[in-house]
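Here is the structure we will look at.
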Amino acid sequence: MVKFFSINVPGYEKVIEAIDESAGLHCLIAIHDTRLGPGLGGTRIFPYASREEALDDVLRLSEGMTYKSAISQVGTGGAKAVIFGDSKGKKSKEMLHAYGEVINSLNGEFITAEDVGTTTEEVAIMREVTPYLVGLPIEIGAGDPSPFTAHGVIRGIEATCQHLFGSRSVKGKRVAVQGLGKVGIIVAEQLFWQGAELILSDIDEKKAKEVAKRFHAEVVAPDEIYGVECDIFAPVALGGIINDKTIPMFRCKAIAGATNNQLLEERHGNILSKKGILYAPDFLINSGGLIQVTCEIDPDGYSAKAARDKIDTIYDTLLEIFAKADKEGRSTESVAIEIAKHNIANLIGKRKTHLSLKTPQDNVTHKKTSYTHAKNQ
């Protein structure tokens, strides 16, 4: 039996907690804003130390998805989900089905995809009980969004180089990549082939050394990556890494990477600006994966070329943000958020077509699930 708890959070349309003890499911779903379309965001599985930590993470991530969707004009709103669990362990079919039933109970208000700790194959298992999914395996969907996210990050790094050095080329530039997961490895590889000098770091020391050998890179410890002298620091790990502790350590000219919610607080964007460090707003530079999976629900069907071409526009949008921030003496983060909020307020990029989901709702087989709803917490 699934137990539901509604959580009242000012500024959010809906936040729920769902627990199915028999299936081993404990999740939080936050729907931040759906004025431009249904809330869309990945599902993260992570061994959170506490419920409070998980709630803080899902709230921050869902708000970030609102801005990401708005600035990318993909016709979706902002939402996110987190599941308590081992991100590297095997997830049971029972748990994935129970979570799929939770998604289905929201009747399309929330659409999800893979994220940290989940795979496209696990999303396909959820699809057996709910149609509200994107980022499905290539046989039935768009496939893993990681290469598309990485492509957007590379375009963002190129825009950063163009603004700082007058050329988009990364050849000869020192780039410190933090995190060598699916996206991080692709970013490192692309930078290597374009001639960048790489400094790598990952909590998995063995993996870092193996990747470094492939790409003729230097390896530093996770706590040392912030202080390396480089042209660009590219975080591709977990959020909150730009904060009061790390900012004094930075010896980079710019920060441009895929990590969500890089700034622990919005004010840290202002501090970076005053310090003379150019910041590529994370919800724009890492929007490639979102752009790809939303192409999956276009009425005309998925097109990898359409996704690639739209991701390429990240380059031009970033240059516009950098220029406006310089002209007005503001942080790039504040300029990017202003654009996103303007789009939301004026319904720019609002979805005008119905979602083209791979599995019609009336063809999905649902197990008989009991639900218990609790009062707001």
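We did not get these values from a lab; they are worked out from the coordinates using the rules stated. The structure presented is a predicted model; accordingly, all values stated were derived computationally and were not measured. For neighbour counting, all protein chains shown are included, and Cβ atoms are generated from backbone atoms with ideal geometry for every residue, glycine included.
What to note about this one:
- Relative to the longest principal axis of the Cα atoms of the chain, the long axis of helix 205-214 makes an angle of roughly 60 degrees.
- Set 275/327; 171/253; 182/324; 80/207 screened for pairs whose C-alpha atoms are more than 26 Å apart: 182/324; 80/207
- Our coupling estimate for region 287-297, obtained by passing each phi through the Karplus curve with A = 6.51, B = -1.76, C = 1.60 and θ = phi - 60°, is 7, x, x, 4, 4, 4, 5, 6, 5, 5, 9 Hz, Gly and Pro reported as x.
- Using the Cβ-Cβ distance between residue 53 and residue 345 with R0 set to 30 Å, the FRET efficiency works out to roughly 0.40.
- Between helix 304-328 and the chain: long-axis angle, C-alpha atoms, 0 to 90°, nearest 10: 60 degrees
- Cα centroid separation - region 234-291 against region 318-355, whole Å: 17 Å
- Cα long-axis angle, helix 93-105 against the chain (0 to 90 degrees, to the nearest 10): 80 degrees
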